[in-house]
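Read the structure below first, then the notes.
The values are calculated or read from the model by the stated rules, or taken from the named source; none is laboratory data. Since the model is a prediction, treat every value here as computed from it, not as a measurement. Reconstructed Cβ throughout: ideal geometry from the backbone, glycine too, with neighbour counts over all protein chains shown. For the accessible areas, the whole protein counts, side chains as well, though only heavy atoms, and no ligand, DNA or RNA atoms are used. Shrake-Rupley method; radii C 1.70, N 1.55, O 1.52, S 1.80 Å.
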Amino acid sequence: MAAPAVSPVRPAAASPEEGGRFTALRAVPPWVGGIVGVVVIVAVWWIASLTLYQGSGAIPTPPSVVGKFFDAGQWSATLNNAGGTVGSAALGYLWGNLVAIVLAVIVLLVPPLEALANQIAVVSYCIPLVAIGPVIVIVAGRDAPSGASVVLAAMSCFFTTTVGCLLGLRAAPRTSIDLIRAYGGSTWTALRKVQLFSALPSLFAALKIAAPAAFLGAILAEYLGSGGDSTLGRAVIAAQSQSDAPQLWYLALVSGIISGLGFVMVGLVAKLVTPWTTGADVPAGAR
Amino acid sequence: MTGTHLDRHAGSRSSTTDPRAEARAATGINIQGLEKVFSMGRRSVQALASTNLGTTQNSFLSLLGPSGCGKSTILRILAGLETPTAGTALINGRSTWEIQRDHQLGIAFQEAALLPWRTVASNIRLPLEVAGITPEPGLIDDLVSLVGLSGFEKAKPGQLSGGMRQRVAIARCLAVQPTVMLLDEPFGALDDMTRQRLNVELLRIWTERPATTLMVTHGIAEAVFLSDVVAVMSPRPGRIAEVVEIDLPRPRLPELQRTPEFHEYVDRLSEILFGRGGAPADAH
Ligand SMILES: Nc1ncnc2c1ncn2[C@@H]1O[C@H](COP(=O)(O)OP(=O)(O)OP(=O)(O)O)[C@@H](O)[C@H]1O
Ligand SMILES: [Mg+2]
């Protein structure tokens, strides 16, 4: 079973000639990572737009794209679209993670179920979402216009969260559990008093990765035909059919920002909920 | 309080009395014919061969022996963490199950095993929470000051030194006001100086709050200093090789460790452990 990568994605190392220009960025606190990543891409992109594919205009210049961010009409449409997508993604995120956590807890309490749970998790991970997406879109059909978006978002976070949660639940020190048992506590008491807490750091690492994953799942479903008319996925289809390069780039940027925000926000919640993993917060003996 | 009862030959027990009544009469720790075989797949390890051991109520028993001889296994059986393959283990005439049910067992391990998200006070309260007991007001504060950590009630384990954490573990062990204490190398991970100090404190606490105590240790001197009885175990499969009653007066003060009587006991135990002329590696 593959462990999920847990470290936040840092901006890619700059190439030698650009190195000097970007070294300063490394000193930036990690929580800006998502935003900084976008900034780096913009810089590279500007250079590319001025040098590559000038004939076809496949790479629009940053001003033509960034300008859209200051266009009021464009904004309200985007907010509307993003609202639809984020709504589906959030719902999927909630369900996917809930099912994953419940499954992990059940596996912990009933070990023989582990093999089955592993199979479910791996299968959900191995089926390419692009392949199963259209099937789910047809099944969800007209009754639940955004149903497929929710399902794909849920499927996208299910695997990482199951694995992260199980690893976390198992990470509890054996002596802590022995202690609870020696005092007459049951498996359930040990779970409540020890394992649920010691699982949090690992669980949150997974939840952090699951946030962009859920968003990607929702947008993909919309691109494959799910959801109402005002979603980011639909906007991408529209822009694509008109070969509107600046609009496509603009939508990609918006998606990236939302995705990054989700990652950063879950990270902040993690810091609030699991302060003990970040060391001392109150000076010892201070009263 | 220092009288002991020992029976190293299972067959030699009186056959005229009812064994059950006899077991209840022999208070303290009473282990008879205890055996433990761990099986891992097709392989199996005999951790304990038929083991017998007995002490009186509220006496302090230390288990010494080479690594892997089954000391922790005995302690874990007494704590209800392992089930014996054969034999019985009673403490104060009662089974582990009864003692756990009445919340009379305190335990501490080599690792403090504090929960990092709980404060010192909240860690000490844990056994009471598990037992569903609301602590009397002031109990936790008393325990904190008993182990010399006043002012650190609200600190998190991550902010404490190793010695302080182990003090918290001892306070937690005392939270249920146990009549039975099981300590598995409680200060084994600490440096000699801290360990020495904590031993003196443990002795003071144990004198204030008597409890039938079993301590597993590698320190010969600390075993002599603290115990009424020291049982030395032989290598695998674990058996009790010899039991030495430590007939030194109480209360025991640190100065006792510089007396010839004390050293006589240390030498005798080293001899049993390492053989004549063998240099004790971890005696101090
Ligand atoms: N859960 C287990 N599964 C299999 N074997 C075990 C288990 N626990 C202990 N053993 C084996 O039983 C034997 C006794 O172990 P135990 O932990 O009681 O030794 P010990 O005397 O406490 O050693 P140490 O001084 O190193 O702590 C060892 O050989 C060990 O490998
Ligand atoms: Mg041990």
Starting at the first residue of region A:162-170, write each ³J(HN,Hα) from the Karplus equation 6.51 cos²θ - 1.76 cosθ + 1.60 with θ = phi - 60°, in whole Hz, x for Gly and Pro. 4, 5, x, 5, 5, 4, x, 4, 7
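Just the Kirkwood number for region A:184-240, please: inverse of mean 1/r across all distinct Cα pairs, in Å, one decimal.
Working: mean 1/r = 0.0703 Å⁻¹.
It is 14.2 Å.
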Once the Cα gyration tensor of region A:29-83 is diagonalised, semi-axes √(5λ) in Å: 23, 20, 8
Region A:42-158: C-alpha pair distances exceeding 18 Å, %: 68 percent
dims of the protein assembly as shown, Cα set, principal axes, largest to smallest, nearest Å -> 103, 51, 50
Under 5 Å, built H, 5+ apart or other chain: amide partners of B:Met215: B:Leu61, B:Ser62, B:Leu63, B:Leu183
Can you check how the C-alpha radius of gyration of region A:106-193 compares to 2.2 N^0.38 Å, as a plain ratio? 1.51
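Rounded to a whole number, what is D in µm²/s for chain B from Stokes-Einstein with the Kirkwood radius over alpha-carbon pairs (20 °C, 1.002 mPa s)?
On the way: Rh = 19.5 Å.
Diffusion coefficient, whole number: 110 µm²/s.
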In whole Hz, with x marking every Gly and Pro, tabulate ³J(HN,Hα) for region B:113-122 from phi via Karplus 6.51 cos²θ - 1.76 cosθ + 1.60, θ = phi - 60°. 6, 7, 8, x, 8, 9, 6, 3, 4, 6
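Given R₀ = 51 Å, FRET efficiency for A:Leu52-A:Val110 by Cβ-Cβ distance, to 0.05?
Values: r = 57 Å, r/R0 = 1.11.
The pair A:Leu52/A:Val110 has a calculated efficiency of 0.35.
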What does region B:47-128 give for Rg and for Dmax, in Å, if only its C-alpha atoms count? 14.8, 43
Could you pull the accessible area for A:Trp95 with a 1.4 Å probe, rounded to 10 Å²? 140 Å²
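Go ahead and run the numbers for FRET between A:Val42 and A:Val102, Cβ-Cβ distance against an R0 of 41 Å, rounding to 0.05. List each step's numbers first, then the result.
Numbers: r = 41 Å, r/R0 = 1.01.
The value I calculate is 0.50.
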Positive end of the dipole of the protein assembly as shown, charges at C-beta (+1 Lys, Arg; -1 Asp, Glu), about the Cα centre: which of B:Ser145, B:Leu75, A:Trp276 has its Cα farthest in that direction? A:Trp276
Explain nothing, just compute: Karplus ³J(HN,Hα) = 6.51 cos²θ - 1.76 cosθ + 1.60, θ = phi - 60°, for every residue of region B:188-197 in order, whole Hz, x for Gly and Pro. x, 8, 9, 6, 4, 5, 4, 4, 4, 5
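Over the Cα atoms of region A:107-253, what is the Rg over Rh ratio if Rh follows Kirkwood?
Values: Rg = 20.4 Å, Rh = 17.7 Å.
Here Rg/Rh amounts to 1.15.
Given A:Lys193/B:Lys36; B:Lys71/B:Lys154; A:Lys193/A:Lys271, which pairs have Cα atoms separated by over 27 Å?
Those over the limit are A:Lys193/B:Lys36; B:Lys71/B:Lys154.
Could you do me a favour and compute the accessible area per residue for chain B, 1.4 Å probe, result in Å²?
Details: 12190 Å² over 284 residues.
Value for chain B: 43 Å² per residue.
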Accessible-area value, B:Asp142, 1.4 Å probe, nucleic acids and ligands omitted, Å²: 90 Å²
